[in-house]
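A short worksheet on the structure shown next.
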Amino acid sequence: MSKSTGTLLYSAPMAGYTNYAYRELLRIFGGVDLITTEMVSARSFVELDKRGSELPSRLWGIREEPRPLAVQIWDNNSDTLSLLAQRLAFEFKVSVIDLNFGCPAKQIANRSASGAFLLRFPDRIGDLVQKVTAAAKPVPVTAKIRLGQTLDTINAIDVAQSIENAGASGLTVHGRTATEMYRGNAHWDEIAAIKPKLKSIPLIGNGDIRTVEDALFRIKNYPVDGIMIGRGSIERPWIFKQIAQALRGEPVDPEPTTAELRNLIVKHFNLLKQQFNEHTALFLIRKTVCQYTINRPCAKRFRNEICSVKEPTLFLRLIEDFFH
Ligand SMILES: Cc1cc2nc3c(=O)[nH]c(=O)nc-3n(C[C@H](O)[C@H](O)[C@H](O)COP(=O)(O)O)c2cc1C
């Protein structure tokens, strides 16, 4: 881990992105204090386990990969969550177990009455945190929430206090409500309002940090113990290193050169192929390459080509041609 900056720098869990390959890239760049997996369904894990099947794909790599590593899990049943938490703590020896109370996706919030659905019930969240904390002890359990269901029913302070009183070791707040999904701007004032209501656990602010300047602004102006970055770190996985350098008062590394980006993409593709077949690896790397080129001039045609390419050799040729 890099030298401490005094501010916790966390990478966000992101389903479909923060797989082993991406986590490995983050480790290569450095600057992140805690890396989290994609959210894992505790119910699916328990079902697979009963059948003696393999681990869910989202847990691929966690046995061997370097620590610290947080695994994020979701469900609404304390037994199911505790069973997975216990395995993660004692068999896989992960560093942190994070509970998802923020996902607004239909499949999780509506159909499974989990994720952000549970924000309506601070006591129920407290009960889940308390049971999972007891099951995983001494491995720390943290929680990630949104501000509430809607702008009219923001209850993040109640939820945060319930989480702290239940024994959680940390709290991340994405400054939007469930119904906002990803629309509008994250409400950092609402995140800040939680801080004085917590006794001691660290508060991590999350939402819309896309640049080093954004990060420094949030850290300077809001009473958070750390920040979590999601989409900004898909676009620029080197952002944590730059933020850490800025916080330490060191010169900030320049953006990668075109050649460095090309090497990074090839490295990422090869890492993805360790876990996935070539077809899936290609699908996943295509999404990321599009993110890397989002602000590049004249990249539209390239993105269209990349999005439809089905042949790894052709993909690599397009990368060579564009990033030369
Ligand atoms: C594609 C995608 C997948 C996500 N998956 C998860 C997830 O698995 N668990 C979770 O708690 N949040 C998830 N989130 C939310 C992010 O962790 C984060 O809270 C949100 O993107 C706001 O932060 P940002 O503005 O830095 O991206 C996801 C977000 C995106 C864009």
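The values are calculated or read from the model by the stated rules, or taken from the named source; none is laboratory data. These numbers were taken from a predicted model, which means no experiment stands behind them. Positions of Cβ are backbone-derived with ideal geometry, glycine not excepted, and every protein chain shown enters the neighbour counts. The protein model used for the area step is the full one, side chains on, heavy atoms only, and it has no ligands, DNA or RNA in it. Shrake-Rupley method; radii C 1.70, N 1.55, O 1.52, S 1.80 Å.
The table below gives the values:
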| quantity | calculated |
| --- | --- |
| Tabulated pairs, segment 205-223, first part of a helix (DSSP H, G or I), second aliphatic (A, V, I, L, M) and open to solvent by 50 Å² or more (accessible area, probe 1.4 Å), C-beta under 7 angstrom, 6+ apart or interchain | Val212/Val252 |
| Among (1) within 16 Å of the ligand (Cβ to nearest atom); (2) at pLDDT 95 or above; (3) of a type in the set (D, E, K, R) - the single one Glu260 does not satisfy | (1) |
| Search result, residues across segment 239-266 that are open to solvent by 30 Å² or more (accessible area, probe 1.4 Å) and within 21 Å of the chain's Cα centre (by Cα) | Lys241 |
| Subset of segment 196-238 that is hydroxyl-bearing (Ser, Thr, Tyr) and open to solvent by 30 Å² or more (accessible area, probe 1.4 Å) - its residue that is farthest from the ligand (Cβ to nearest atom) | Ser200 |
| Among residues of segment 275-308, those that are at pLDDT below 95, surrounded by 15 or more Cβ atoms within 10 Å (Cβ to Cβ) and not in a helix (DSSP H, G or I), counted | 2 |
| Residue satisfying condition, being within 25 Å of Gln161 (Cα to Cα) and open to solvent by less than 20 Å² (accessible area, probe 1.4 Å), within set Ile97, Ile62 | Ile97 |
| Qualifying residue in segment 83-90 (condition: under 18 Å from Ile194 (Cβ atoms) and within 16 Å of the ligand (Cβ to nearest atom)) | no |
| Flag if Thr7 is more than 28 Å from Ala134 (Cβ to Cβ) and touching a residue at least 12 places away in the same chain (Cβ under 8 Å) | yes |
| Search result, residues across segment 177-204 that are out of contact with any strand residue (DSSP E or B) (no Cβ under 6 Å at 6 or more places or on another chain) and in a loop (DSSP other than H, G, I, E, B) | Thr179, Glu180, Met181, Tyr182, Arg183, Gly184, Asn185, Ala186, His187, Leu198, Lys199, Ser200 |
| Residue list for segment 57-79, restricted to those being within 12 Å of Val132 (Cα to Cα) and not aliphatic (A, V, I, L, M) | Trp74, Asp75, Asn76, Asn77, Ser78, Asp79 |
| Criterion: polar (S, T, N, Q) and farther than 22 Å from Glu38 by Cα - qualifying residue of Gln161, Gln107 | Gln161 |
